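Engineer: This structure is in structure tokens; I'll ask about it shortly.
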Amino acid sequence: MIVQRTLAKEVTRVGVGLHSGRKITLTLRPAGVNKGIVFRRVDCDPVVELPARPENVNDTRLATTLNVGPVFVSTIEHLMSAFNGLGIDNAVVDVDAQEIPIMDGSAADFVGMIREAGIKRQDDDRIFVRVDKTIRVEEGDKWAQLEPYSGFIVDFSIDFHHPVIDATPQRDQFDAARDDYSDKIAVNRTFGFVSDFDKLRAMGLIQGGSLQNAVAVDEKGIVNPEGLRNEAEFVRHKMLDAMGDLYVLGHPLLARYSASKSGHGLNNRLLRALIEDEDAWSMGPADEREVPWLA
């Protein structure tokens, strides 16, 4: 059987908050079996714990945000994606601000932190959520769904009606049994449109945004001098986000996730719709045939 995994030791990094622009200290720590992923606002007195659970996600504007009462931590999706992609079940995330640092805009630095800490196998079965029937949510022309599948697949399509993005692949797929998360998904950076920057900054957002942590797009092309990391970086970043959003479920999925133009809000709605339909899912361990990448 597949067992739970945590970090072997703690590891710390300092980065910039995308929206606040301030320096933020982030520490990842080991956690016991069945603890899950728990964020802690260590700048609060007393420290406030925010478990990564669908019901604790109550703000999905521009990022996935957890809150417990008035205390929140935002921009968790890239770190959660790294936990999902590397199979980390249990960890404590200490942060001294209202958001997780953006790092380079991808999940690559978080993958590096996890690998530096090392991965420790634990003495209890890993519990998966197995999707037993199709669940779908829609919002206008956007949709997301989970279907039964003995493994884990992400199939995503985008459509921004923008000449630069339209010239890149509009659909891609990640199959955990075949593809390497670190190489295919983790390296893809967040992106934004130059035409939106002034408006967002006037709203007090993206104060820490720069070409060092995002891909900037104008009507002529990619503003970043190095260009894209791969031709599918736009759609693959949306896949990265989705893997982080889905991991807020609290357990890894055995399912095929498909989506078109979905975002943080719709992904969270999908998780809540799944949970509400008790006939649509079951929980239990899995064996190496279903999750060979974790064997």
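The values are calculated or read from the model by the stated rules, or taken from the named source; none is laboratory data. Please read all numbers here as calculations on a predicted model, not as lab measurements. In this analysis, Cβ positions are derived from the backbone assuming ideal geometry, glycine residues included, and neighbour counts consider all displayed protein chains. Calculation scope for accessible area: heavy atoms of the full protein, side chains included, ligands and nucleic acids excluded. Shrake-Rupley method; radii C 1.70, N 1.55, O 1.52, S 1.80 Å.
Engineer: Could you derive backbone 3J(HN,Hα) for segment 215-226 from the dihedral phi with the Karplus parameters 6.51, -1.76 and 1.60 (θ = phi - 60°), listing whole Hz in sequence and x where the residue is Gly or Pro?
Structural biologist: Per residue, the Karplus-derived 3J(HN,Hα) values read 8, 9, 10, 10, 5, 9, x, 8, 6, 4, x, 7 Hz.
Engineer: What does DSSP give for the chain in terms of the percent of beta bridges that are antiparallel, rounded to the nearest 5? Provide the component values of the computation, followed by the final result.
Structural biologist: Working: 45 of 63 bridges.
Expressed as a percentage, antiparallel bridges in the chain total about 70.
Engineer: Add -39500 (n - 2.57) for each DSSP H run of 4 or more in the chain, then divide by its residues: what number comes out at 222 nm, to the nearest 500 deg cm²/dmol?
Structural biologist: My calculation for the chain gives -6500 deg cm²/dmol from helical runs alone.
Engineer: Can you list the lysines whose alpha carbon is less than 25 Å from that of Lys238, not counting same-chain residues fewer than 8 positions off?
Structural biologist: Filter leaves Lys133, Lys142, Lys184, Lys199, Lys220, Lys261.
Engineer: Using only C-alpha positions, report the orientation-averaged shadow area of the convex hull of segment 1-50, nm², one decimal.
Structural biologist: Mean shadow area of the hull around the Cα atoms is 4.9 nm².
Engineer: While we're looking at this one, here's another question. Mind ranking 13-20, 193-200 by how tightly packed they are, going by the mean number of other C-beta atoms within 10 angstrom, highest first?
Structural biologist: Numbers: 13-20: 19.0, 193-200: 12.6.
Descending mean neighbour count gives 13-20, 193-200.
Engineer: Rounded, prolate or oblate: which fits segment 40-93, taking a ≥ b ≥ c as square roots of the Cα gyration tensor eigenvalues, rounded meaning a/c under 1.5, else prolate when a/b beats b/c?
Structural biologist: oblate
Engineer: Over segment 187-288, what is the relative contact order in whole percent, taking alpha-carbon pairs under 8 Å and six or more residues apart? Provide the component values of the computation, followed by the final result.
Structural biologist: Values: 63 pairs, mean separation 24.0, N = 102.
Averaging sequence separation for qualifying contacts and normalising by length gives 24 percent for segment 187-288.
Engineer: While we're here: Tell me the relative contact order for the chain as a rounded percent, counting alpha carbon contacts under 8 Å between residues six or more apart.
Structural biologist: On the way: 686 pairs, mean separation 81.5, N = 295.
Reported as a whole number, the value is 28 percent.
Engineer: At a 1.4 Å probe, what is the % contribution of carbon and sulfur to the accessible area of the chain?
Structural biologist: It is 48 percent, rounded to a whole number.
Engineer: Hey, another quick one. Can you work out ³J(HN,Hα) from phi for every residue in segment 171-177, in order, using Karplus 6.51 cos²θ - 1.76 cosθ + 1.60 and θ = phi - 60°, giving whole Hz and x for Gly and Pro?
Structural biologist: 8, 8, 9, 10, 10, 4, 6
Engineer: If you average the sequence gap of Cα pairs under 8 Å that are 6 or more apart and divide by the length of segment 67-159, what percent do you get for the contact order?
Structural biologist: Dividing the mean separation by the residue count of segment 67-159 yields 21 percent.
Engineer: Related question: Within 15 Å, Cβ to Cβ, of Phe197, how many net charges do the neighbouring residues add up to if Lys/Arg are +1 and Asp/Glu are -1?
Structural biologist: Summing Lys and Arg as +1 and Asp and Glu as -1 gives -2.
Engineer: Moving to a separate point now. At a 10 angstrom cut-off on C-beta neighbours, averaged per residue, how do the peptides 54-60, 251-257 rank from highest to lowest? Let's see the in-between values first.
Structural biologist: Details: 54-60: 16.1, 251-257: 22.3.
In decreasing order of mean packing, 54-60, 251-257 become 251-257, 54-60.
Engineer: Can you list the residues, at least 5 places off or on another chain, whose amide H is less than 5 Å from the amide H of Val3, using H built in the peptide plane?
Structural biologist: Correct list: Arg126.
Engineer: Diagonalise the Cα gyration tensor of segment 1-119 and give the resulting equivalent ellipsoid semi-axes, square root of 5 times each eigenvalue, largest first, whole Å.
Structural biologist: 21, 16, 14
Engineer: Still on this structure: Averaged per residue, what accessible area in Å² does the chain show with a 1.4 Å probe, protein chains only?
Structural biologist: Per-residue accessible area for the chain comes out at 43 Å².
Engineer: Another question, then. Over the Cα atoms of segment 151-235, Rg to Rh with Kirkwood Rh, two decimal places?
Structural biologist: On the way: Rg = 14.4 Å, Rh = 14.3 Å.
With Rh from the inverse mean 1/r over Cα pairs, Rg/Rh is 1.01.
Engineer: Would you mind getting the Kirkwood hydrodynamic radius of the chain from its Cα pairs, rounded to one decimal in Å?
Structural biologist: On the way: mean 1/r = 0.0519 Å⁻¹.
Result for the chain, one decimal place: 19.3 Å.
Engineer: I would also like to ask the following. Out of Phe197, Gly209, Met113, whose Cα points farthest toward the positive end of the dipole of segment 107-240 (charges: +1 Lys, Arg; -1 Asp, Glu; placed on Cβ)?
Structural biologist: Looking along the dipole axis, the top candidate is Met113.
Engineer: What whole-number distance in Å separates the alpha-carbon centres of segment 49-99 and segment 205-248?
Structural biologist: The distance from the Cα centre of segment 49-99 to that of segment 205-248 comes to 20 Å.
Engineer: Give me P(r) over segment 82-224, computed from all C-alpha to C-alpha distances, binned every 5 Å, as integer percentages.
Structural biologist: Values per bin, smallest distances first: 2, 7, 12, 15, 18, 18, 15, 9, 4, 1, 0.
Engineer: Ok, one more. If the reach is capped at under 27 angstrom between alpha carbons, list the lysines near Lys35, excluding any in the same chain fewer than eight residues apart.
Structural biologist: Lys9, Lys120
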